[in-house]
Amino acid sequence: DAPEAEAVRGLIEGRERNAKPYVTARLLRLRRERPALFEGDYRALEPEGTDAWLAFARETEGDALVVLAPRFPAREPAGVAVPLPETLAGHGWTEWLTGAVVAATERLDPRTLPLPWAVLVRA
C-alpha cells in the first residue's frame, strides 16, 4: 500500500491536522518492517555548500537508510549536495513517506526530493 507522493506532499505542505500522525505512523511502520536499520552502523553525512542541512545514514548488511533534514526549513537548498559514500552510491532509493523513487548516484540533491526532507530506504 504505497502512498501517493502528491497526496502526501499536499497533506504536509497544507499543514493538515493528520499530517503528524501520518508521518509518525509511516516511520513506526518502517521500524517494524526493517528493524535492523535502526540498529545498523551510523554514518554522519556531510552536506556540501551549507551547514543548514543534517544528513546521516544507517547501514546494515544488504540494507540502508538515509535521512536528510533542513536545520532551517525556510532556506532554499540551492547549491547543496550530499555526497554519498561508495557503499550508498549508485543504488535505487525509495522515499519512505511518499513512496517516490529517488535517483542518487554519487550525490544526493535535496531539490530533487518530493518533500523538504527525506527518509530514503534502499529499494
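Evaluated against (1) more than 27 Å from E6 (Cα to Cα); (2) open to solvent by less than 20 Å² (accessible area, probe 1.4 Å), V66 falls short on exactly one condition, (1).
Residue-by-condition table, conditions (1) among the aromatic types (F, W, Y); (2) out of contact with any strand residue (DSSP E or B) (no Cβ under 9 Å at 6 or more places or on another chain); (3) more than 20 Å from E6 (Cβ to Cβ); (4) at pLDDT 90 or above:
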{"site": "E59", "(1), (2), (3), (4)": "no, no, yes, yes"}
{"site": "A74", "(1), (2), (3), (4)": "no, yes, yes, no"}
{"site": "G79", "(1), (2), (3), (4)": "no, no, yes, no"}
{"site": "V82", "(1), (2), (3), (4)": "no, no, yes, yes"}
{"site": "L88", "(1), (2), (3), (4)": "no, no, yes, yes"}
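Only residues that are open to solvent by 20 Å² or more (accessible area, probe 1.4 Å), touching an Asp or Glu at 6+ places or on another chain (Cβ under 9 Å) and not in a loop (DSSP other than H, G, I, E, B) were counted across the stretch 82-94, and they come to 1.
The residue of the stretch 28-63 that is most open to solvent (accessible area, probe 1.4 Å), among those that are aromatic (F, W, Y) and part of a strand (DSSP E or B), is Y42. From G90, G49, grab the single residue that is touching a residue at least 24 places away in the same chain (Cβ under 8 Å) and at positive phi. Sole residue among the options that is touching a residue at least 24 places away in the same chain (Cβ under 8 Å) and at positive phi: G49. When the residues of the stretch 95-110 are filtered to those that are open to solvent by less than 20 Å² (accessible area, probe 1.4 Å) and in a strand (DSSP E or B), the one that is nearest to L45 (Cα to Cα) is L108.
The values are calculated or read from the model by the stated rules, or taken from the named source; none is laboratory data. Since the structure is predicted, the reported quantities are computational estimates derived from the model, not experimental observations. With ideal geometry, Cβ positions are generated from the backbone for all residues, glycine too; neighbour counts draw on all protein chains shown. For the accessible areas, the whole protein counts, side chains as well, though only heavy atoms, and no ligand, DNA or RNA atoms are used. Shrake-Rupley method; radii C 1.70, N 1.55, O 1.52, S 1.80 Å.
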